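Notes to accompany the following structure.
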Amino acid sequence: MNINGKTKVCAVIGDPVEHSLSPVMHNAAFHELELNYVYVAFHVKNVKMALEGMIGFSLRGLSVTIPHKIEVMEYMDEITPLAEKIGAVNTVTLDNGKLYGTNTDGYGTLQAIETEERIDGKTVVMLGTGGAARAAAFAIACERKPERFFIAGRNEQKVRKLAQEVTQHGKKMVSGLSLEPKELKSIFRETDIIVNTTPIGMHPHEDECLLPEELFSERHVVFDMIYNPAETLLLKRAKRRFARTINGIPMFVHQGAKQFQLWTGEQAPLTVMQKAVKEALGQR
Ligand code: NAP
C-alpha cells in the first residue's frame, strides 16, 4: 500500500466496529484496481461529530453499521428515495462538501438472490421485520415485480406494519404471516424464494432454526443473510431437501461493491472482494 498526499480515505463507522470485514474487502478492491484509496474502521459513539469530522477531513465515503444507520440520516444533505423508504442509510458519500446518503443493503439482497433466481414473477416469503428486513422488503417490492410477497415474523403488529408500509410503496399487495409451521406449510408449497433476515442461526443461536426441515423442497431457493457461519442450520435443512441455498456473503460483497462504485466511479472487482471476505472468515 502506497499512502501519500493524494490518498483518499473511506471508512466504516459503528459501535462496536472491530469485527467489521469491510476494511479487508474494500482495501483488497482498491489494491486490485491500483486506486489511491485507503479504508479504515472508526469506533464511533457520537454520530454528529463523526460526520462533521468526515467533512473536516474530506473523507470520500463512509459505510455505516449498527447502531448508527438511522441517526446518520439527520445529517445528510440528500437521501435516495429507497433509503428514505427503508428509513436507514448505510452509505455516505461526500461530494463538493455535501453529504449524500444511500442504502446498498437492498441492492445487495437483490443481487444475492438473483445469483440463483430472478425475483420477477416469483412468490417470496421473508422472515423478520428488523433493519435488514426493511432494506430487503423495499428493494424486493419497489425494484422488482414478485408475483406474491409475504412477510413472516414473531410479532404480529410489526409484521402488519411493515407489510402495510411496503404495500403502500411497492407494486404489489404484501401480506403478513406468523412463523407457525402450520400456516407456512401451504404457502411454502407455492413459494419460490425464502429469505431469512433474522439472526437465528448465528452466534449464539447457531443450533437454532425457525423452520422445520419438512417445509423445504427442491422448488425453493433459500437465502440466509447470515454469513458467519457460512452454512446455518436453516441452509443445512434446506439443502438436505434439495433446495438451492445462498448465504450472506454475496449480499455483503454486493452491498460493498455498490459503495465502491459510488466512491471511486469504477466497477468493483467482485471476485477479489469475495475472496478477501472468505479468507477473513477462514474459508477458502
Ligand atoms: P434487527 O434489526 O435486530 O432485526 C432482527 C429481526 O429478527 C427482528 O425482526 C426480530 O424480531 C427477529 N428475531 C430475532 N430473534 C428472533 C426469534 N428468536 N424468532 C423470530 N424472530 C426473531 O437485525 P438486522 O440488522 O436486521 O440484522 C439481521 C440479520 O441480518 C443479522 O444476522 C445480520 O448479521 C444480518 N445481516 C447481514 C447482512 C449481509 O450483508 N449479509 C447485512 C445486514 C444484516 P423482533 O422485531 O420481534 O425482535
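Determine which single condition E114 fails, assuming it passes every other condition in (1) within 28 Å of A257 (Cβ to Cβ); (2) within 12 Å of the ligand (Cβ to nearest atom).
Failing condition for E114: (2).
Out of I113, I119, I151, which single residue is in contact (Cβ under 8 Å) with a residue 24 or more places away in the chain and within 12 Å of the chain's Cα centre (by Cα)?
Matching residue, one of I113, I119, I151: I113.
Return the residue satisfying two criteria in turn: it lies in the range 40-91 and is part of a strand (DSSP E or B) and under 18 Å from the mean Cα position of the chain (by Cα), and of such residues it is surrounded by the most Cβ atoms within 10 Å (Cβ to Cβ).
Filtering the range 40-91 for residues that are part of a strand (DSSP E or B) and under 18 Å from the mean Cα position of the chain (by Cα), the one surrounded by the most Cβ atoms within 10 Å (Cβ to Cβ) comes out as L62.
Just checking, how many residues over the range 92-111 are more than 11 Å from the ligand (Cβ to nearest atom), of a type in the set (F, W, Y) and outside any strand (DSSP E or B)?
Number of matching residues: 0.
Looking at the range 79-109 only, could you name the residues that are touching a residue at least 40 places away in the same chain (Cβ under 8 Å) and over 25 Å from P67 (Cβ atoms)?
Once the filter is applied, which keeps residues that are touching a residue at least 40 places away in the same chain (Cβ under 8 Å) and over 25 Å from P67 (Cβ atoms), the range 79-109 yields only G97.
So, in the range 103-130, how many residues would count as being farther than 17 Å from F149 by Cβ and buried (at least 24 other Cβ atoms within 10 Å of the Cβ)?
4
Among the listed residues L215, L211, identify the single one that is within 12 Å of the ligand (Cβ to nearest atom), over 26 Å from S20 (Cβ atoms) and in contact (Cβ under 8 Å) with a residue 12 or more places away in the chain.
Selected residue: L211, the only one of L215, L211 that is within 12 Å of the ligand (Cβ to nearest atom), over 26 Å from S20 (Cβ atoms) and in contact (Cβ under 8 Å) with a residue 12 or more places away in the chain.
Would you mind stating whether T198 is touching a residue at least 60 places away in the same chain (Cβ under 8 Å), within 12 Å of the ligand (Cβ to nearest atom), in contact with a strand residue (DSSP E or B) (Cβ under 7 Å, 6 or more places away or on another chain) and not in a strand (DSSP E or B)?
Against the criterion (touching a residue at least 60 places away in the same chain (Cβ under 8 Å), within 12 Å of the ligand (Cβ to nearest atom), in contact with a strand residue (DSSP E or B) (Cβ under 7 Å, 6 or more places away or on another chain) and not in a strand (DSSP E or B)), T198 qualifies.
Applying the selection to the range 231-266, what residues are away from the ligand (no atom under 11 Å from the Cβ) and either in a loop (DSSP other than H, G, I, E, B) or basic (K, R) (or both)?
Across the range 231-266, the qualifying residues are E231, K236, R237, K239, R240, R241, F242, A243, R244, K258, G265, E266.
All but one of (1) within 16 Å of the ligand (Cβ to nearest atom); (2) small (G, A, S); (3) free of Cβ contacts under 8 Å to residues at least 40 places away in the same chain hold for A29, so report the exception by its number.
Status for A29: all satisfied but (3).
So which residues in the range 135-158 are within 15 Å of the ligand (Cβ to nearest atom) and either in a strand (DSSP E or B) or surrounded by 24 or more Cβ atoms within 10 Å (Cβ to Cβ) (or both)?
Listed by number, the residues that qualify are A135, A136, A137, F138, A139, I140, F150, I151, A152, G153.
All of the numbers you see were taken from the coordinates with simple rules; none came from a lab. Keep in mind that what you see is a predicted model, and the values were worked out from it rather than measured. Using ideal geometry, Cβ is built from the backbone for each residue, glycine included, and neighbour counts are taken over all protein chains shown.
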